[in-house]
1. Out of all the residues in the stretch 104-128, which are open to solvent by 10 Å² or more (accessible area, probe 1.4 Å), touching a strand residue (DSSP E or B) at 6+ places or on another chain (Cβ under 8 Å) and either in contact (Cβ under 8 Å) with a residue 60 or more places away in the chain or assigned to a loop (DSSP other than H, G, I, E, B) (or both)?
2. For the stretch 81-96, enumerate the residues that are assigned to a loop (DSSP other than H, G, I, E, B) and either in contact with a helix residue (DSSP H, G or I) (Cβ under 8 Å, 6 or more places away or on another chain) or open to solvent by 30 Å² or more (accessible area, probe 1.4 Å) (or both).
3. Which condition does Asp78 not pass, out of (1) within 26 Å of Cys132 (Cα to Cα); (2) loosely packed, with under 13 Cβ neighbours inside 10 Å, if it passes all the others?
4. Kindly indicate whether any position in the stretch 157-166 is open to solvent by less than 40 Å² (accessible area, probe 1.4 Å), hydroxyl-bearing (Ser, Thr, Tyr) and part of a loop (DSSP other than H, G, I, E, B).
5. If we keep just the residues of the stretch 133-155 that are within 17 Å of Ser171 (Cα to Cα) and within 15 Å of the chain's Cα centre (by Cα), which is least open to solvent (accessible area, probe 1.4 Å)?
6. Go through the stretch 138-153 and give me each residue that's under 22 Å from Arg70 (Cα atoms) and in a loop (DSSP other than H, G, I, E, B).
Amino acid sequence: FDTAPGGIIDRIPTELNPYELVISPDGKTLYASNWASNSVSVIDTESYTVRRTFAVGDNPNDLALSKDGRLFVCCANDNTVVVIDTERGRPTETIVTSLYPQAPEGSTPNALALDHTQNILYIANGDNNNVCVVSVEEPGESAVLGFLPVGWYPSSVAVSADGETLYAGNSKGVGHSSANPRGPHSPVREGDG
């Protein structure tokens, strides 16, 4: 779109179901995660063409681009974040976001935020109700540092400009699920314990 008059300039075909966009600092490259085709399109913003497509994990969604050119890609259906080295033009690392490396799919990583130093990556795990904290200081040597419990189904994360505060948006609120032994009107009443 041309933002001044608001008209459409062009349409750029990508793979299936483009989900999230992130643009390079120089404005010349746009990255699009493609939810249904498990890929990321690399788009030239001057020619409006797809230069290449990277295969990534299942259901790629949120993207974060670091200052050193690493593109972090959340993959909701396989508990991973794929790291693409945009300078060398290839995926270089896969970060497992689940509590245990061999856990079955179901953590649902769906949002990313880099801290102001670009050394820590925060990953919202929607179905685990936590934020995975990862050291990404050394390319190719990322390490999970731990997990922060948050509300119900975190779906966005952001770090304050001073780097002192992490914010998590919880799609389903601060409540929690509970057992339903008394029918559809659970949670269990007080004293039924």
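The values are calculated or read from the model by the stated rules, or taken from the named source; none is laboratory data. Note that the structure is predicted; figures quoted are calculated from it, not measured. Using ideal geometry, Cβ is built from the backbone for each residue, glycine included, and neighbour counts are taken over all protein chains shown. What goes into the accessible areas is simple: the full protein's heavy atoms, side chains included, and nothing from ligands, DNA or RNA. Shrake-Rupley method; radii C 1.70, N 1.55, O 1.52, S 1.80 Å.
1. Answer for the stretch 104-128, where residues must be open to solvent by 10 Å² or more (accessible area, probe 1.4 Å), touching a strand residue (DSSP E or B) at 6+ places or on another chain (Cβ under 8 Å) and either in contact (Cβ under 8 Å) with a residue 60 or more places away in the chain or assigned to a loop (DSSP other than H, G, I, E, B) (or both): Thr108, Asp115, His116, Asn119.
2. Of everything in the stretch 81-96, those that are assigned to a loop (DSSP other than H, G, I, E, B) and either in contact with a helix residue (DSSP H, G or I) (Cβ under 8 Å, 6 or more places away or on another chain) or open to solvent by 30 Å² or more (accessible area, probe 1.4 Å) (or both) turn out to be Thr86, Glu87, Arg88.
3. Among (1) within 26 Å of Cys132 (Cα to Cα); (2) loosely packed, with under 13 Cβ neighbours inside 10 Å, Asp78 violates only (2).
4. yes
5. Pro154
6. Glu138, Pro139, Gly140, Glu141, Ser142
Quick grid of which residues meet (1) over 23 Å from Tyr31 (Cβ atoms); (2) hydroxyl-bearing (Ser, Thr, Tyr); (3) out of contact with any Asp or Glu (no Cβ under 8 Å at 6 or more places or on another chain):
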{"residue": "Val81", "(1), (2), (3)": "no, no, yes"}
{"residue": "Thr86", "(1), (2), (3)": "no, yes, yes"}
{"residue": "Gly89", "(1), (2), (3)": "no, no, yes"}
{"residue": "Ala103", "(1), (2), (3)": "yes, no, yes"}
{"residue": "Asn129", "(1), (2), (3)": "yes, no, yes"}
{"residue": "Glu138", "(1), (2), (3)": "no, no, yes"}
{"residue": "Ala143", "(1), (2), (3)": "yes, no, yes"}
{"residue": "Ala158", "(1), (2), (3)": "no, no, yes"}
{"residue": "Gly163", "(1), (2), (3)": "yes, no, no"}
